[in-house]
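Colleague: Once you've had a glance at the structure underneath, I'll fire off some questions.
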Amino acid sequence: MTNKKIRWDFWTIVTVVILALFAIFLLYPLISLFLSGFKDTETGIWTMDNYARFFSKKYYKSALLNSFKLTISVTLVAILLGVPLAYFMSFYKIKGKGILEILFIISMMSPNFIGAYSWILLLGRSGTVTQFLKGMGIHMPSIYGFGGMLLVFALKLYPFIYMYVSGALKKIDVALSEAAESLGCGGLRKVFTVIMPLVTPTLIAAALLVFMNCMADFGTPALIGEGYRVMPTLVYSEFVGETGGSANFAACMATIMVVVTATIFLIQKWYVNTKSFAMSSMRPIQPKAVHGIKGFLIHLYIYLLAATSIIPQCMVIYTSFRATKMQVFVDGFSLESYRKVFSTAVQSIKNTYLYCLAAIVIIIVLGMLIAYLAVRRKNWLTNIIDTIAMFPYIVPGSVLGITLLIAFNHPPMMLAGSAIIMIISLVIRRQAYTLRSSSAILYQISPSMEEAAISLGDSPSMSFVKVTAKMMLPGVASGAILSWITLINELSSSVMLYTAGTRTMSVAIYNEVIRASYGTAAALATILTITTVVSLLIFFKVSGNKDVTM
Amino acid sequence: MSVSIGIGNVVKKYGDLTIIPDLSAYIKNGEFFTLLGPSGCGKTTLLRMIAGFNSIEGGTIKFDEEVINDIPAQKRNIGMVFQSYAIFPHLTVRQNVEYGLKIRKVPKDKMKDRIDEILKVVKIDEYQDRLPERLSGGQQQRVALARAIVIHPQVLLMDEPLSNLDAKLRIEMRSAIRDVQKQVGITTVYVTHDQEEALAISDRIAVMKQGIIQQIGSPQDIYARPYNAFVSTFIGHSNLFFGTIKKQGDVPTVVFSNGYQVSMPNLVDTVTEGQKAVISVRPEEFSLNEEGLECEIISRTFLGKYTNYFLRFPDGMVLDNQPSIEYSQDLGHVDRIFGVGEKIRLRPNPNKINVFTEDLERSLIKDVKKYDE
């Protein structure tokens, strides 16, 4: 009897199947992209020309530089907005805290490009505020370009910092703060020598999320970037552009983006691994009442921030009910925009729900199986799976779109333009949240439950389905809802992959905004926002709290 | 450097809820003073009032002659050891100990000497460059102690510092704490719910119940001469019997309800003929005697050094609602171990037993003080 032979039990088969799926839909496309960047468009022979071209022309280099400038600025501003917010909300009793928390999460979960779009509605060339001030003789600075993007991104992304840092502050034992005081250290000095260092690893993780999100986002720069070129828009225009674009050159630039994000990701991972420490809180920090001028200023800061974050959302809803004539807003309200949406764009609504439902089912099944392999069947093969499952973190959406197109644009896998490729990209983009929540819940379920089922005569596959999977579901659900919310709002990859028949809502909104058809865009955005909010409310109900960690 | 602590009529309220109605105590300079009581008795609340983490709703707390009510915690110059240790997880052992000295702007060379010295005193100098998460519970405890002592505080406050350690380590650490405290000679207030720990470690103990101090005294006094029945049953075990006082003749006697008499020359003079009382006998204060009180053994536990018997006395002899009636048989001088169901006769030792008023509130033994000085 030799044990060296591979035993073909249920979990071995699952391992092999998942590895095969990863190889086909993730590794193969990424390798195709990488190789494609080294090919000449005309002749197809191997060359370094694409890279030489990128690094020699100021036009391209400046886009990379711009991306860095924008992303670093956004990350810093988001930290400056989010950290004080988290501190105030955790340490002081804030009036209306419950509603504020929900507002911050809603503004975090709504898609970037709708934020950009609503700021155009407010401060754009024909924006409400701009027009109003113009009537009074005041000219607003332009929202388009670097400043506008900084505004939109920072207001969109600071809630990530807030959520993460609040989560970390909740884990601090109040005794640590008291220990500092007992040693003679109070006030700001305590904040900077004890509280801040304790949340720094978490802050770094949150900053990375903001950085990646901003670096990879396509919608916002496409809508209000205008002359300010950044990498995602450059890749997009090079890839789909009618002005003599080159897929190979786009692949080269996409590879450069992946290298950048991967480097940042690895640095962050290394930092967190070396610097993090376990914290357990016996007595969490209790918020204190705050009065007087200090209390007033703190409340003012929080309310202003919440208002600036949520007003754009309201603006979209308001706009969707305005009367329009030939795409131009006129006085009064009507349901015209909605009528138009339901006569022309109903396909995109159907597509969105259909694709996302299909994707979420696959995501849940995959998420649970991969989590099980990674947690319960630790070996070198499942380690590989676990590592590959992290790849989507570092591949920007638009890059993923290109990657899939390059890989599946020829037989035997001719998927370009199909619904299947849309679903595949959605699954790849957003399975991480579900995978993470599945692993987390699995660590809390004792393996002996399943062993009991097997000891009573069940097969490993059935005992997983009947026992472990059922117990995992509540935990999986919270991650799946996050996956769902980000799925329905996905733009970056879809905009690369869609065709007339496979348009989703977010793509339709993008198209409508580009065509300056703001009424229908607003109506679609409202439908999307309402779906998001309803999903979020379900999330709060399912998870029983308001901690969204992504 | 070290100070006395004067607690005068302090009150603690949370909204309408009064935790401490009116509490006074005096803690001498340099002594090891323990607040002992069941959970929820207000001992930690009182400690945190001394530390400055809880507000004081009435009365005063003084360090020597200075009222500290309105001084914030970080200005009180206290050293505090927390139940959860509260070691800063982002700093190494040395940096943790250094923290308070840096705040005090102690010169570099002096700081180094003081840290080196204290790390040796608490025996953690070999771990000084480690991060706290790589230390065991006992080692973390030593870091917390070093960090609190190194700043030369006026008082050292400890909030159930040993409750998260296993039994063996607890005993080792409590003598370590005791040694270090005596070495640096600092006024220490120590909170615990573990009576054995309190007896082992303290100069004096304050036994608390529902925000009120029941007795302050040395461990020996509190154990041997409890001021009321709560103290006698909370510290160690006591069996409570109904009794009556007989005052005919020179020497007063207490009479058990079955008529058994014990002559008690140490009762206070104010006792009256026929006064109802409660007699408190510890398990080790019984001895086998043919003329003793008859009882039946209902179960027994063998504990090595001695055997604990659980007893049943005839109806109406003992107070209701006692968890058990016990007799400890010292196995060092024993003829035989009794079996369950056997009847034995036990004689209470008149020099040891205590007598309380009928309402259980006050001892009737001479010279038993509620607060000793």
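Colleague: Using a 1.4 Å probe on the protein heavy atoms only, what accessible surface does A:PHE321 show? Give it in Å² to the nearest 10.
Modeller: Looks like 80 Å² after rounding.
Colleague: What are the radius of gyration and Dmax of the range A:41-198, computed over its Cα atoms and given in Å?
Modeller: 22.4, 74
Colleague: Shape call for the range A:169-313 from the C-alpha gyration tensor, a ≥ b ≥ c root eigenvalues: rounded (a/c under 1.5), prolate (a/b greater than b/c) or oblate?
Modeller: oblate
Colleague: Convex hull over the Cα atoms of the range A:402-550, averaged projected area in nm²?
Modeller: Averaging across all directions leaves 11.9 nm² for the Cα convex hull.
Colleague: Once Rh for the range B:229-357 is found with the Kirkwood sum over Cα pairs, what is the Stokes-Einstein diffusion coefficient at 4 °C and 1.567 mPa s, in µm²/s?
Modeller: 85
Colleague: Given contacts defined as C-alpha pairs under 8 Å and at least six residues apart, what's the relative contact order of chain A, whole-number percent?
Modeller: 20
Colleague: Right, another one. Viscosity 0.890 mPa s, temperature 25 °C: give me the Stokes-Einstein translational D for the protein assembly as shown in µm²/s, with Rh taken as the Kirkwood radius over C-alpha pairs.
Modeller: Stokes-Einstein gives a translational diffusion coefficient of 73 µm²/s.
Colleague: Moving on to the next point. Taking N as the number of residues in the range A:15-123, what value does Rg over Cα atoms divided by 2.2 N^0.38 Å take?
Modeller: Computed over Cα atoms of the range A:15-123, the ratio equals 1.73.
Colleague: Starting from the Kirkwood radius over alpha-carbon pairs of the range A:57-320, derive D by Stokes-Einstein at 25 °C in a medium of 0.890 mPa s and give it in µm² s⁻¹.
Modeller: Diffusion coefficient, whole number: 120 µm²/s.
Colleague: Taking one equal scatterer on every alpha-carbon of the range B:5-224, how large is log10 of I(q)/I(0) by Debye at q = 0.10 1/Å?
Modeller: -0.44
Colleague: Keeping all protein chains in position, work out how much accessible area A:LEU65 exposes to a 1.4 Å probe, and write it in Å² to the nearest 10.
Modeller: 110
Colleague: Using Cα pairs under 8 angstrom and six or more residues apart, how large is the relative contact order of the range A:395-550, in percent?
Modeller: With pairs under 8 Å counted, the relative contact order is 29 percent.
Colleague: Can you give the accessible area per residue of the range B:5-224, in Å², using a 1.4 Å probe?
Modeller: Per-residue accessible area for the range B:5-224 comes out at 41 Å².
Colleague: Moving on. Suppose we keep just the DSSP beta bridges with both residues in chain B; what percent of those would be antiparallel, to 5?
Modeller: Of those bridges, close to 75 percent are antiparallel.
Colleague: For chain B, what is the per residue volume of the convex hull drawn over the alpha-carbon atoms, in cubic angstrom?
Modeller: Dividing the Cα hull volume of chain B by its residues yields 170 Å³.
Colleague: What Kirkwood Rh does the range B:70-199 have if only Cα atoms enter the pairwise 1/r average? Answer in Å.
Modeller: By the Kirkwood definition, the hydrodynamic radius is 14.9 Å.
Colleague: Quick check: convex hull of the Cα atoms in chain A, volume per residue, rounded to a whole Å³?
Modeller: Once divided by residue count, the hull of chain A is 198 Å³.
Colleague: Zone of A:SER461 (label point 7 Å along Cα→Cβ, backbone N under 13 Å): which residues in the range A:361-381?
Modeller: Hits in the range A:361-381 for A:SER461 at 13 Å: none.
Colleague: I've got another one for you. Specify whether the C-alpha gyration tensor of the range B:290-332 places it in the rounded, prolate or oblate class, a ≥ b ≥ c being the square roots of the eigenvalues: rounded for a/c under 1.5, otherwise prolate if a/b is larger than b/c and oblate if not.
Modeller: Judged from the Cα gyration tensor, the range B:290-332 comes out oblate (a/c at least 1.5, b/c at or above a/b).
Colleague: Something else now. With a cut-off of 8 Å between alpha carbons and a minimum separation of six or more residues, what is the relative contact order of chain B in percent?
Modeller: The value is 16 percent.
Colleague: At a probe size of 1.4 Å, how large is the accessible area of A:VAL260, to the nearest 10 Å²?
Modeller: 20
Colleague: Now a separate question. What are the lysines whose alpha-carbon lies under 28 Å from the alpha-carbon of A:LYS541, with same-chain residues fewer than 8 places away excluded?
Modeller: By straight Cα distance, A:LYS541 reaches A:LYS93, A:LYS95, A:LYS97, A:LYS156, A:LYS170, A:LYS171, A:LYS288, A:LYS350, A:LYS466, A:LYS470.
Colleague: Could you rank A:TYR59, B:TYR223 by how accessible they are, 1.4 Å probe, largest area first?
Modeller: Ranking A:TYR59, B:TYR223 by accessible area, largest first, yields A:TYR59, B:TYR223.
Colleague: Test of understanding: in a Gaussian network model of chain B with alpha carbons linked when under 10 Å, which of B:ASN29, B:ASN308, B:ASN228 would top the mean-square fluctuation ranking?
Modeller: Largest GNM mean-square fluctuation: B:ASN308.
Colleague: Hey, another quick one. Please give the total accessible area that chains B and A bury against each other, computed with a 1.4 Å probe and expressed in Å² to the nearest 100.
Modeller: Counting protein atoms only, the buried area is about 2000 Å².
Colleague: Right, another one. Just to be sure I understand the rule: take each whole DSSP H helix in chain A, project its Cα atoms onto its long axis, keep it if the span is 20 Å or more and its mean Kyte-Doolittle hydropathy is at least -0.5. Which ones pass?
Modeller: A:58-91, A:146-170, A:196-216, A:247-275, A:292-320, A:346-376, A:419-444, A:469-488, A:518-543
The values are calculated or read from the model by the stated rules, or taken from the named source; none is laboratory data. Everything numeric here is computed off the predicted structure, so don't read it as measured data. Methodologically, a virtual Cβ is constructed for each residue, glycine included, from the backbone with ideal geometry; neighbour enumeration extends over all protein chains shown. These area figures cover heavy atoms from the full protein model, side chains too; ligands, DNA and RNA do not enter into them. Shrake-Rupley method; radii C 1.70, N 1.55, O 1.52, S 1.80 Å.
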